[in-house]
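Novice: Please see the structure below; I have some questions.
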Amino acid sequence: MKLTIVAATGGIGRQILHQAIAAGHDVTAVVRNATQLSGAIRIVTADLAGPDPAALESAVAGADAVLSGLGPRSKPDAGIASRGTRAIVRAMQATGVRRIVVVSAAPVSTVASPGRPSPPRHDPGDGFLMRYLLSPMIKVALRPLYADLALMEDILRASGLDWTVVRPPRLTDKPLTGTYRTAYGQNLRRGLLISRADVAHLMLRVLEAPETIKQAIGIAN
């Protein structure tokens, strides 16, 4: 399969890249700093904070799917996910590429956005502790980051593309297991952690699962 991986040197993007290459996929990596990558892959340099439409169109043209590990890592990065994803969507629409899989975050299911001004107050998969203590604290502390991801999801829902959103909880650097729980449209009860490697594994796996199109998928250990 011909894949374009955006933010391929980030925590999840690097995991997608390594797993995709190991599986024999034809990979194009979109990165801000090309010196961080080497090997027999095609590399396109693009800064998703201020995207160049021509570079992105070149990166996605002819791809069977685009996988994006793009996301804000700290409060100053808020806005990168929505701006970058909007640019990726436009490049895909311009080149006729339809399939896209992105990473979001578990708390986003209850974050208001222009496209979802009245989300559920509680995610149906969250237990008592997450609903009433952990989730409210996390969302207050990281509100700009989750607002960015919620807007990113709005952009995908309005795009007309064949999108899938993966919503992990807290990420770890533990190794790939390939054994994790998933749920459509909700988080996982007692699902507090997941490795970046397992998130990448699911993002690649859903490419072979048409039932995941236009779905948000919760994932956790």
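Any read-out appearing in this document is the output of simple, stated calculations on the displayed coordinates, not a laboratory observation. Remember, predicted model here, so these are calculated numbers, not experimental data. Ideal geometry is used to build each Cβ from the backbone, glycine not excepted, and the neighbour counts take in all protein chains shown.
Novice: Between helix 11-22 and the chain, what is the angle of the helix's C-alpha long axis to the longest principal axis, kept within 0 to 90° and rounded to the nearest 10?
Specialist: It is inclined by approximately 50 degrees.
Novice: Using Cα-only point scatterers and the Debye equation, what is log10 of I(q)/I(0) for the range 1-120 at each q in 0.12, 0.13, 0.16, 0.20 Å⁻¹, rounded to two decimals?
Specialist: -0.43, -0.50, -0.74, -1.11
Novice: Against the longest principal axis of the chain, how steep is helix 196-205, in degrees 0 to 90 to the nearest 10, with axes from Cα atoms?
Specialist: Tilt relative to the chain: about 70 degrees.
Novice: Could you list the trypsin sites (Lys or Arg not before Pro) in the range 1-83 that lie in coil according to DSSP, counting only those with at most 16 other Cβ atoms within 10 Å of their Cβ? Mind showing how you got there, number by number?
Specialist: Values: sites: 2, 14, 32, 42, 73, 83; in loops: 32, 73.
The qualifying sites are 32, 73.
Novice: Given charges of +1 on the Cβ of Lys and Arg and -1 on the Cβ of Asp and Glu, with all other atoms neutral, how large is the dipole of the chain about its Cα centre, in debye to the nearest 20?
Specialist: On the way: 26 positive and 16 negative charges, 120 e Å.
Magnitude of the dipole: close to 580 debye.
Novice: Sticking with this structure for a sec: Loop-only check: which GluC sites (Glu not before Pro) in the range 150-213 are DSSP coil with at most 12 other Cβ within 10 angstrom?
Specialist: Values: sites: 153, 208, 211; in loops: none.
Filter output for the range 150-213: empty list.
Novice: Treating the chain as a set of equal point scatterers at the Cα positions, no solvent, please give the Debye-formula log₁₀ I(q)/I(0) at q = 0.15 Å⁻¹.
Specialist: With one equal scatterer per Cα and no solvent, log10 I(q)/I(0) is -0.93.
Novice: Ok, one more. What does a probe at residue 55 reach in the range 20-46, counting residues whose amide N is under 15 Å from the point 7 Å along Cα→Cβ?
Specialist: Counting backbone N atoms under 15 Å from the label point, the list is 29-37, 43-46.
Novice: Now a separate question. Hey, what number do you get for the chain at 222 nm if only DSSP H runs of n ≥ 4 count, each worth -39500 (n - 2.57), divided across all residues, to the nearest 500? Before the final figure, lay out the partial values.
Specialist: Values: 6 runs with 68 residues, N = 221.
Result for the chain, helices only: -9500 deg cm²/dmol.
Novice: Would you grab the residues whose amide H sits under 5 Å from the one on residue 47? Only those 5+ places off in sequence or on another chain, please, with H modelled 1.01 Å from N.
Specialist: Residues meeting the criterion, in which the H sits 1.01 Å from N, are 52.
Novice: Would you calculate the volume per residue, in Å³, of the smallest convex hull containing every Cα atom of the range 153-221?
Specialist: Looking at the range 153-221, the number lands at 84 Å³ per residue.
Novice: Let me ask something else about it. Please figure out what share of the DSSP beta bridges in the range 2-220 is antiparallel and state it in percent, rounded to the nearest 5.
Specialist: Details: 4 of 32 bridges.
Among the beta bridges of the range 2-220, antiparallel pairing accounts for roughly 10 percent.
Novice: Something else about it: Just need the relative contact order of the range 2-220 here, percent rounded to a whole number, with Cα pairs under 8 Å and 6+ apart.
Specialist: Details: 435 pairs, mean separation 44.3, N = 219.
Reported relative contact order: 20 percent.
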